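Right, one structure below, let's go through it.
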Amino acid sequence: MKILGISTEVHDRNLTDKSDVHSFGVVLLELMTRKRAICANSINEKESLSYIFLLMFDQNIHQNMLDREIMDKETMVVLEKLSILAANCLRPRGDDRPTMKQVAECLQMIRRLTTHTASDHKGEPVMHITTTKDHHQHQWLPISTKRYTGT
């Protein structure tokens, strides 16, 4: 039985470093939402939390899934950065996901956000999002900590 949102590597039992990145994204998402990785939808079919999250993320409504108890003005910047990280870790194709080294660098940058201003982080490896005509592309680029859309 195939469940929407489970990486193809897991289904095919072809585990790689990139499937570890996907698994980390699932754990991160569980922590931010306080929900289980697999849940029943409104018609009692199993679907993955990551599948729902990516659909909402691409529509920029993923904040609705976050745990309300950890959301406030101070944490929203960090939660948005973690959401971007999770979305990149959960990309369906392993080649589209960051490496664990890039994940660790991003986590270090996010950690520093809690004690420094964003302007202190110029040139660090972070993610940003660009929009093409057809869909969002999530990429690792060493230029900005801001989430934005371009043309």
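Read the figures in this text as sums done on the coordinates, not as results from a lab. All values reported here derive from a predicted model rather than from experimental measurement. All Cβ positions, glycine included, derive from the backbone under ideal geometry; neighbour counts span all protein chains shown.
For this structure, a couple of remarks:
- Residue ranges 34-44, 57-67, 97-107, 18-28 sort as 18-28, 97-107, 57-67, 34-44 when ordered by packing (mean number of other C-beta atoms within 10 Å per residue, highest first).
- Directionally averaged shadow of the stretch 10-119, computed from the convex hull of its alpha-carbon atoms, nm²: 7.9
- Under a 5 Å amide H cut-off, with hydrogens placed 1.01 Å from N, residue 38 pairs with 49 among residues at least 5 apart or on other chains.
- The length gained by stretching the chain between residue 99 and residue 113 to full extension, at 0.36 nm per residue less their Cα-Cα distance, is 2.9 nm.
- 3J(HN,Hα) from dihedral phi, the stretch 38-49, Karplus parametrisation 6.51/-1.76/1.60, rounded to Hz, x for glycine, proline: 10, 9, 8, 8, 5, 10, 6, 9, 6, 9, 8, 4
- The gain in end-to-end length when the residue 67 to residue 36 segment is fully stretched comes to 9.9 nm, 0.36 nm per residue minus the alpha carbon separation.
- Residues with amide H under 5 Å from that of residue 71, placed H, sequence gap 5 or more: none
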